[in-house]
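Report on one structure; see the data block that follows.
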Amino acid sequence: MATANLDTRFFGHPRGLATLFFTEMWERFSYYGMRALLLLYMISPTGLQFDKSKGAAVYGMVVSLVYLMSIPGGWLADRFLGQRKAVLYGGIGIAAGNFCLVVPSVEMFYFGLSLISLGTGLLKPNVSTLVGSLYAPGDTRRDAGFSIYYMGINLGAFVAPLVCGYIGQMIEWRYAFIAVGIGMTLGIVQFLLDSKHLGEAGLHPAPFASAAEAAQQKRYLWLGSAFLVGIPVLLATGIVPATVTQLADALGVLLLVVIVAVFAGVYFGPWTSAERKRILVIFVLFLVASIFWSSFEQAGSTLNLFADEKTDNQLFGMPFPSTWFQSLNSVFLIALAPVFGWIWLRLGSREPSVPAKFVLGLVFVGAGFLTLVPAASLTITGVKVSPMWLTLTYLLHTIGELCLSPVGLSAMTKLAPAQVVGVIMGVWFLATSVGNYIGGRLAGFYESMPLDTLFGYVGAFAIGAGLLLALFIKPLRTMMGGVK
């Protein structure tokens, strides 16, 4: 580890950061390419021809499960696989799942989405954990390293809607899924060729404390595997009949159970008083992040539908695919991330704390939705509004994201006890899962509720939650015990 700490070959950071940068870039290309198309493909007359309510329910489940699987994915890496193998196996699952979407079959469509969810659950939390493992405790480069890594996320997210959105909406839906699968395949190849630069990071799982603990963890593994395989089989064979809406409702209950179980399991571990207080802070940040993502992640649901149906998608008289709006977030991130990095450094000791930055994140994401309220009112008469409305919304959402997402990602690696850092990283993505689930289900109100009312409720709730959090900034900082 000492060698890695002195390694400055990648813009002053360890060379292994470049390996993880490009792995995550291709994984995000895969995910955001699929996400940009998913709901539109399901409701399209040339796609699966689902109604909006069913499409929204499926979309909400998929984008939620993608992140929910980060909990077992982090646990598998911590206890059995090590982060390195988890990332590799996850990438293979994602690529295979996207190639399944190419097959003109509803059954293969659902099977492909299942593989994508499982694969992302293995890859996503563990590649982030590997980034943190490149730096020793107290290394001042850590936050900057995560910022560089975050640029890889957004480079993939920028290119994906442009390439896959154009192919899917202008040429053929299934060709776009081929492009998505090829992208993840390139990520796997790159990871295999460059993993030597990661040193010992993530090669081995954490050792078991005793033979009894090993036996217990293996029992959990078998039970979990039986659940993951058994439930889809029961549904596919019709032994347990269920509609899409019933499955979406069941997922909501499952999310609640998982939240309670995970935090109870982590909190009552063998921690010191200081560590237990930090776990409580993680829980508060988790709740706040869930609210943030429930608004932000409507980019693929309500905002995607608004872009496709209510917006005049022309630039200088030339039409463009509605999915291209989903690249705006990454454009603004790439442009503004260095600015925010400079601002935080410039503020020095006056830099806002983690909870204060979370407050800013909620306020800005709420403001983005309130911006759309007058635009949605204009569409009631059938008018298609200017692309500038959505552009401004995505700008405000991006500012909010820069205040919350990279900050939270780094905070998880610093607040979590070392023995469960993979699980806590999974907890961070569980917040995204909850937010995606809520954001997806809200698309079900797209036709049944006036859009200006829907957008107004979403925006007001996010801002209200931010103002409530502001009241607790000082006690949360105290509980963090010096972690910044």
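A short reminder: the numbers here are calculations on the coordinates, not readings from a lab. Just so you know, these numbers come straight off a predicted model, no measurement behind them. In this analysis, Cβ positions are derived from the backbone assuming ideal geometry, glycine residues included, and neighbour counts consider all displayed protein chains.
Quick look at the values:
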{"item": "Sorted by Cβ neighbour density within 10 Å, fewest at the top, the residues Y41, Y220", "result": "Y220, Y41"}
{"item": "The chain: C-alpha gyration tensor shape, a/c 1.5 cut-off, then a/b vs b/c", "result": "rounded"}
{"item": "The stretch 157-228: GluC sites (Glu not before Pro) falling in loop per DSSP and having at most 15 other Cβ within 10 Å", "result": "E172, E200"}
{"item": "Dipole-positive endmost among A462, S210, L68 within the chain (Cβ charges, Cα centre)", "result": "S210"}
{"item": "Net dipole in debye of the stretch 127-221 [+1 Lys, Arg Cβ; -1 Asp, Glu Cβ; about Cα centre; nearest 20]", "result": "160 debye"}
{"item": "Rounded if a/c under 1.5, otherwise prolate or oblate - the stretch 15-69, Cα gyration tensor axes", "result": "oblate"}
{"item": "Ellipticity estimate at 222 nm from DSSP helix runs (n ≥ 4, -39,500 (n - 2.57)) divided over the chain, nearest 500", "result": "-25000 deg cm²/dmol"}
{"item": "DSSP H segments from the chain that extend 30 Å or more along their own axis, Cα-based, with Kyte-Doolittle mean of 0.5 or above", "result": "16-43, 106-133, 142-166, 173-194, 211-236, 244-267, 273-296, 354-378, 387-415, 421-442"}
{"item": "For T311, distant residues with modelled amide H under 5 Å away", "result": "V385"}
{"item": "Long-range HN-HN contacts of F10 with modeled amide H, under 5 Å", "result": "R15"}
{"item": "Estimated FRET transfer efficiency when R0 is 51 angstrom, pair Q419-Y110 (beta carbons, to 0.05)", "result": "0.90"}
{"item": "Order of M151, M25, M318, M170 under a 10 Å beta carbon neighbour criterion, fewest first", "result": "M318, M170, M151, M25"}
{"item": "Cα gyration tensor category, rounded, prolate or oblate, for the stretch 415-472 with a/c compared to 1.5", "result": "oblate"}
{"item": "Ranked list, fewest to most other Cβ atoms within 10 Å of each Cβ, for S386, S330, S70", "result": "S386, S330, S70"}
{"item": "The chain, dipole about Cα centre (Lys/Arg Cβ +1, Asp/Glu Cβ -1), debye to the nearest 20", "result": "1100 debye"}
{"item": "Candidate lysines for bridging to K310, where Cα separation is under 21 Å - those fewer than 8 sequence places away on the same chain excluded", "result": "K52, K54, K384"}
